[in-house]
1. Give me the residue from region A:198-236 that is facing chain C (nearest Cβ under 9 Å) and under 20 Å from A:Gly40 (Cα atoms) and, out of that set, nearest to the chain's Cα centre (by Cα).
2. Hey, can you tell me all the residues within region A:158-181 that are surrounded by 23 or more Cβ atoms within 10 Å (Cβ to Cβ) and assigned to a strand (DSSP E or B)?
3. Just to verify a result, which residue in region C:142-161, among those that are more than 9 Å from every other protein chain (Cβ to nearest Cβ) and closer than 17 Å to C:Asp196 by Cβ, is surrounded by the fewest Cβ atoms within 10 Å (Cβ to Cβ)?
4. Could you identify the single residue in C:Gly138, C:Gly164 that is on the phi > 0 side of the Ramachandran plot, modelled with pLDDT under 90 and assigned by TED's automatic domain parsing to the domain that holds C:Thr52?
5. Taking region A:38-55, which residues are within 14 Å of chain C (Cβ to nearest Cβ) and either within 14 Å of the chain's Cα centre (by Cα) or among the hydrophobic types (A, V, I, L, M, F, W, C) (or both)?
6. Can you name the residue in region C:191-210 that is aliphatic (A, V, I, L, M) and out of contact with any Gly (no Cβ under 6 Å at 6 or more places or on another chain) and is also farthest from the other protein chains (Cβ to nearest Cβ) among such residues?
7. With respect to B:Ala186, is the statement that it is out of contact with any Lys or Arg (no Cβ under 8 Å at 6 or more places or on another chain), within 30 Å of C:Ile80 (Cα to Cα) and either among the small types (Gly, Ala, Ser) or buried (at least 17 other Cβ atoms within 10 Å of the Cβ) (or both) true?
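The values are calculated or read from the model by the stated rules, or taken from the named source; none is laboratory data. Since we're looking at a predicted model, the values are computed, not measured. All Cβ positions, even for glycine, are placed from backbone atoms using ideal geometry, and neighbour counts span all protein chains on display.
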Amino acid sequence: MNKVIEVENLTRTFGHFKAVDNISFNVEKGEIFGFLGANGAGKTTAIKMLTGILEPTSGKGKVAGFDIITERNKLKYKIGYMSQKFSLYEDLTLKENIGFYGGIYGLRKREIAERTKKMIARLQLGDIENTLIAEIPLGWKQKIAFSVATLHHPDIVFLDEPTSGVDPITRRQFWDLIYQAADEGITVFVTTHYMDEAEYCDRISMMVRGKIAAMGTLDELLHKHAAKDMDEVFLKLARQ
Amino acid sequence: MRTFLAFIKKEFKHIFRDKRTLLILFGMPIIQVLLFGFAITTEIKDGKMAILDLAKNRMSQQYISKITSSGYFILKENLKNYSEIEKSFKRGSIKIALVIPEKFAENLGNTNSSVVQVIADASDPNMATMLTSYLSGITNSFAIEKRLVPEVPIKIESKMLYNPENKSVFMFVPGVMTIILMLVSAMMTSITVAREKEIGTMEILLVSPLKPAIIIIGKVLPYLVLSLINAFTILMLGFLVFGMPMEGSRILLFLEILLFIVTSLSLGILISTIAQSQQTAMMMSLMGLMLPTILLSGFIFPIESMPRILQILSNVIPAKWFIIIIKSIMLKGVGIRVVWKETLILAGTSLLFILMTIKKFKIRME
Amino acid sequence: MHLQMIEIKNISKSYSEIKALDNIALHIEEGKLFGLIGPDGAGKTTLFRILTTLLIPDRGTATLMNLDTVTDYKKIRRQIGYMPGRFSLYSDLSVQENLEFFAQVFNTTIESNFEMIRDIYVLLEPFKKRKARDLSGGMKQKLALCCALIHKPKILFLDEPTFGVDPVSRKEFWDNLKKLQKTDNITTVVSTPYMDEAALCDEVALIQKGKILAVDTPGNISKKFSHKLFEVKTNNNYKTLLFLRKMDRIHSAFMFGNSIHLTLNNANEVTGLTTELTANNFEFSIKNIEPNIEDTFMELMQKE
């Protein structure tokens, strides 16, 4: 099997505080990997290291085959990133946004046009290419943001609470996109506070105070912690 | 009252915990004053000069040594003929060239003919004008020394007034004070109110039984105190470092400064009723207040030499009136009888701003 | 008979073109924990701002304790506690300083109403010298709640207090609310985008695009679900879901955690469904279940 993320003994400290404390794990190609944890458990710090924004204090890691310390510039072409805060430019049209992000990743005009067409068809959005993002409903924006984040066909896409505050139907439509991306071989690395969403993942890891307290498939976790759902697992682990 | 004190206390905590605010409040006035005082002085020293001495006698030697010992000029080259003058200029090695004619001694006694020829590099017009006027000053006093000229010609004396040494210092202390007070009072207050709107605490304050007047005065009072401290610092620097005179009444000066701070604060609060974010508040204060204040108050560019339309426009700039008041009190030593008109304008403006604020302040959101 | 604390009559509010609230009517009884459930942009915050006297509605009226939100706003402001959406504390002040300040704003002291916040405050006490910006998400919410409670309000408005907060902190927060309701009989209106939190309220209103979809107790809301609901568990949910969506007899099919919730156009067709799934080599189990609030919300949403 093809490993998209390989992390060994990754640690990051801020002063005396160990934000991420010696974590090791692998994520396989095409996997949907749920990255859970309470606020302040170290999720954001870990994601920053995996995306090459933050240098680890010790340990090593490879993402999409590139070293997260020495090859971070190459790495950035192979990953996509979307957070609840990161959105598209409100004062640009959809087409202009796509043109901009496509340009960042060095896509040719023809490629951008082709992929835009495909994306709009897939999202069934109709004729909105020249609409300002500000005028597009919130639920659609999230889906568009995801599609833009995967426009350059990255090996892996990092999603940081992508569905916060979104209505239940749109949330599920969003997960359809995630499944489609995984089907096409894109690895999905996702954080969420919705425990039902955690259950959609192929594998789930749970961070507590900088360490990975549990990792496995849903069934494995439920079995191990004698819980009926992820909510219960989460509460049990976080309160240890 | 207890509520009010709590509010004031909180405001001071915000100020003292934010390094950027502190820097603007206390670092900026000092830096600005020193910057204007030393770096941006309009006085010139060591002007590079070349001399073509065609007279080559004792008189011309004495003249040259007087020039070089003045401290304003440094003799870079002794030229041999006219053609070398332009070469030196093109090389950029000199800023001014002086030609002493053969009949130098004779001409010196005769006011109708030109004594020497001065050629200046006008690509830097300020420098050229100034060096030229220094040189005529020196020439003139040289002539007097040698008792060749009975009276000091008025023409040259008027050029000596151009000597910027005194004027720039006396100009920038009131100017910097005006700008700092405007910045601290108007910009900082509008930003701090906008900040509460941004982080959402304004919602809580509005929903609480706090009266709008308490919120406004609570926001304003700390900055009033800080502005006064600033004004004091700037004046002290002016007196101690640059020897600024203080001819008029100190109490009157204090009251006028207080009045201008109130004007600026009311302007700041007015801005904050409109601006919803810190960024907007900042832009409005900078673009709408600071630039016109700097450009139209007469601080840097004399109002008299502006186009008529800008002269009229400058009348709505409170800073213009404040600078007039300050200079009158500090330099001329006049009392309220002379500056009552300007004082009244400032007071009226403040009242207008306060009334507008009361009308615009929203007890609700939009 | 319970006292009416909040009466909302036919309120509408628009921002330029967008209708934020469209003819809303609600009444909330004293001592109730009332939930306003809906996604971002549903109009929850606008409704909160109208109730807390911060906004004037275009049409309709709202009264709190028989006081009109527009004309009697001063009296209302003295008796309500409000926690606006997202983080709204002074981040450069410490826990203690924030609390003191808000107590003084309402002309009271921490000590005089300490009973009210004791349970929450003990959790915050170890960090009382810490600046609010350095608190974790859950702690921030607790501090904000303390600040909103410090003057012993009769009605408490909490706008998305648990947004972006992890499940543990959320659970603690709701435990606190429940306790407050029991000991102090405070009427609480709380909004949330998390459907699972609806079950913790006495009564909920489902809101979407400025309209109220339903108002009732959490138990009764689920009864508004008009179909028989089935839960399907398989070894590959996504594949199954794609297959199910293509079938004519399926009315709706959605993922719910590790299972699929589905409704049929005709509930009797369940045998046909099992046969078809078996014929296509799906390993699955199917059973009839009670709908939850999220099921109901989604159905009502689609009817709109």
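1. Going through region A:198-236, the residues facing chain C (nearest Cβ under 9 Å) turn out to be A:198-200, A:218-219, A:222, A:229-231, A:234-235.
If we keep only those that are under 20 Å from A:Gly40 (Cα atoms) too, we end up with A:198, A:230-231, A:234-235.
Working: A:Ala198: 13, A:Met230: 19, A:Asp231: 20, A:Phe234: 20, A:Leu235: 23 Å.
So, considering only residues that are facing chain C (nearest Cβ under 9 Å) and under 20 Å from A:Gly40 (Cα atoms), the one nearest to the chain's Cα centre (by Cα) is A:Ala198.
2. A:Phe158, A:Leu159
3. The selected residue is C:Leu158.
4. Values: C:Gly138 fails: on the phi > 0 side of the Ramachandran plot.
None of the others qualify; the one that does is C:Gly164.
5. From region A:38-55, those within 14 Å of chain C (Cβ to nearest Cβ) are A:38-45; that's our starting set.
Hits for region A:38-55 are A:Ala38, A:Ala41, A:Lys43, A:Thr44, A:Thr45.
6. Just the residues of region C:191-210 that are aliphatic (A, V, I, L, M), to begin with: C:195, C:198-200, C:204-207.
Subset that is out of contact with any Gly (no Cβ under 6 Å at 6 or more places or on another chain): C:195, C:199-200, C:205-206.
Working: C:Met195: 6, C:Ala199: 12, C:Leu200: 13, C:Ala205: 15, C:Leu206: 11 Å.
Looking at residues that are aliphatic (A, V, I, L, M) and out of contact with any Gly (no Cβ under 6 Å at 6 or more places or on another chain), I get C:Ala205.
7. On the way: out of contact with any Lys or Arg (no Cβ under 8 Å at 6 or more places or on another chain): yes; within 30 Å of C:Ile80 (Cα to Cα): no; either among the small types (Gly, Ala, Ser) or buried (at least 17 other Cβ atoms within 10 Å of the Cβ) (or both): yes.
No, not satisfied.
So that you can scan it fast, the table gives a plain yes or no per residue for (1) free of Cβ contacts under 8 Å to residues at least 24 places away in the same chain; (2) not small (Gly, Ala, Ser):
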| residue | (1), (2) |
| --- | --- |
| C:Leu135 | no, yes |
| C:Cys146 | no, yes |
| C:Asp159 | no, yes |
| C:Gly164 | no, no |
| C:Ser169 | no, no |
| C:Asp175 | yes, yes |
| C:Asp202 | no, yes |
| C:Lys211 | no, yes |
